[in-house]
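Quick notes on the structure that follows.
The values are calculated or read from the model by the stated rules, or taken from the named source; none is laboratory data. Please read these numbers as outputs of a predicted model, since none were measured by experiment. Note: ideal-geometry Cβ built from the backbone for every residue, glycine included; neighbour counts use all protein chains shown. With ligands, DNA and RNA removed, areas are computed over all heavy atoms of the protein, side chains included. Shrake-Rupley method; radii C 1.70, N 1.55, O 1.52, S 1.80 Å.
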Amino acid sequence: MAQAVRRQSPVSLFSTDGKPHPVQDTLLAVTLVLGAVAFVSAMFYNLHLLSSWAGLVGILTGAYGQFISVTTRERFALIIGLGASGFGFFLGMAHGGLFGGLLG
């Protein structure tokens, strides 16, 4: 007797277990966007405030996302975002820092 095989399509691109992970997906998207902003703005010397703050917030959201992530795909993408955020943060700090002369 033949049995029908059903494949369940994943609810999200990054969930391999077939369950929805809305918090993890949101943190992943925020980390990737902030990492991209920090990485690109770090290339310009006068955008050090944007790159350092976007990098710092991206590092914090990425770290929390790593803490609560469920699947390997989420962790992989979070590491990409964390790397870009860290790069932007450190270059922004080298170019003038988080406050860059605004406090004195």
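Each of the peptides 76-85, 18-27 was scored by the mean count of other Cβ atoms within 10 Å over its residues; in descending order, highest first, they stand as 76-85, 18-27. What shape does the stretch 25-94 have by the C-alpha gyration tensor, where a ≥ b ≥ c are the square roots of the eigenvalues, rounded means a/c under 1.5, and otherwise prolate means a/b greater than b/c and oblate the rest? Since a/c reaches 1.5 and a/b is larger than b/c, the shape of the stretch 25-94 is classed as prolate.
Extending 7 Å from Cα along the Cβ direction at residue 99 and again at residue 19 yields two label points whose distance is 4.5 nm. Ranked from largest to smallest solvent-accessible area, with a 1.4 Å probe on the protein heavy atoms, 45, 64 come out as 45, 64. Ranked from largest to smallest solvent-accessible area, with a 1.4 Å probe on the protein heavy atoms, 43, 93 come out as 43, 93.
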